[in-house]
């Protein structure tokens, strides 16, 4: 069974329409009330329906309390009263997400049934089973998807620009192309408050004099969807007047990455990678999604598609980090191809029977010393060819804590390497015991991290 915390959010327009349809309080319809329920707006909206018909029908509670979720005092009867409908929703969220409320009574819940059994117990003349079923029925009617283990873990918030806004043209993207393009931007606004929710409010209010609109805005807290991904947005600066040639407008989705001061930049980029992964796998939580229409090979920049060669996304271009973000997205999406490795260079004397002769060897002009030991890796370290111009990687890395036996060591470029029985070299500095070969061929072995006496001997080729 899924965790109720993973259900996520309904779009704001769904929230507003549901409450407005029954003439619910304006304060409860407001964006502020919706924001107060984040990141559990789907659960909150359903419970508003069950508890009070979206703030319009109360049994023992009174409308004057502005308590549409029928919250009771922690240690008494009756119902709490709030100064506003928003405050009532905020108190609901704080109670359900508190780790300490009544000894963690909500923190211990996992499934929706667990939660409802605490929130609406039988002891209060409730039917928890029917209550939970009503919530599930509402979720199904709203198209809320319960997140499965296969879905990308991402803080997606769907808050579409209203359909009557002039910055939501409503025209569809081209469907005659093999894939849609992903056009990456950065917001350029370093104001500390200029996060994803502020930019959401900006485009919801019309997008300024240029009537700007884009499909997603991402920061260190949220991935906010603002347009269905099968509709055009005005974000690319390529005119949006040539369906056959304006790739940025008619063939792409636009993503803005926030650069507000004080935010966690690494986390924001990680959220961007998760969004790319969601697009690549066809995550149906995204409105307008068409599985198979997005490819991580078609991520480009505003600069690449704009008529004026605008230098955007500035920070990502300066860092050169966009390829790294795309690579991380491939990891999240499970699209990393199986690694291909070079072949090891095998020497006959690496055979354990030959090695048992105890002879030192030579590779080219490099002395190789016989020193049989069992090693343990103290950090992840690659396996590379023992010789060759590039010392190519020939297999997956040795993991931290992994043990292996090897018979030979050698010095190259001022560093000491262990030559494994499968024909690869591993840097000795990543292993215990510590082995070091000096310029004169003196080998020292330190068997522990904390400084056992060194054992030294001289080797000769």
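Considering segment 284-296, and only residues there that are closer than 20 Å to residue 174 by Cα and in contact with a helix residue (DSSP H, G or I) (Cβ under 9 Å, 6 or more places away or on another chain), the residue that is surrounded by the most Cβ atoms within 10 Å (Cβ to Cβ) turns out to be 294. Filtered by the rule that a residue be surrounded by 13 or more Cβ atoms within 10 Å (Cβ to Cβ) and at pLDDT below 85, segment 312-326 gives 319, 321, 324.
Conditions (1) modelled with pLDDT of 80 or more; (2) assigned to a loop (DSSP other than H, G, I, E, B); (3) not assigned by TED's automatic domain parsing to the domain that holds residue 424, marked per residue:
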| position | (1), (2), (3) |
| --- | --- |
| 341 | no, yes, yes |
| 354 | no, no, no |
| 359 | yes, yes, no |
| 367 | yes, no, no |
| 372 | yes, no, no |
| 379 | yes, yes, no |
| 382 | yes, no, no |
| 389 | no, yes, no |
| 395 | no, no, no |
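Among the candidates 59, 82, the residue that is modelled with pLDDT under 90 and over 24 Å from residue 222 (Cα atoms) is uniquely 59. Exactly one residue out of 373, 385 is surrounded by 19 or more Cβ atoms within 10 Å (Cβ to Cβ) and out of contact with any helix residue (DSSP H, G or I) (no Cβ under 9 Å at 6 or more places or on another chain): that is 385. Considering (1) surrounded by 19 or more Cβ atoms within 10 Å (Cβ to Cβ); (2) under 22 Å from residue 167 (Cβ atoms), the lone condition that residue 272 does not fulfil carries the number (2). The numbered conditions (1) under 15 Å from residue 116 (Cα atoms); (2) part of a loop (DSSP other than H, G, I, E, B); (3) modelled with pLDDT under 95 are all true for residue 69 except (3).
Condition check: at pLDDT below 95 and in contact with a helix residue (DSSP H, G or I) (Cβ under 7 Å, 6 or more places away or on another chain). Does residue 99 satisfy that?
Considered against the rule, which asks whether it is at pLDDT below 95 and in contact with a helix residue (DSSP H, G or I) (Cβ under 7 Å, 6 or more places away or on another chain), residue 99 comes out as no.
Give me a count of the residues in segment 270-323 that are at positive phi and touching a residue at least 60 places away in the same chain (Cβ under 8 Å). Adding up the residues that qualify gives 1.
Working carefully through the options 10, 110, 89, find the one that is in contact (Cβ under 8 Å) with a residue 24 or more places away in the chain and not in a loop (DSSP other than H, G, I, E, B).
89
The values are calculated or read from the model by the stated rules, or taken from the named source; none is laboratory data. Everything numeric in this text was worked out from a predicted model, so none of it was measured. We place every Cβ from the backbone using ideal geometry, glycine too, and count neighbours over all the protein chains shown.
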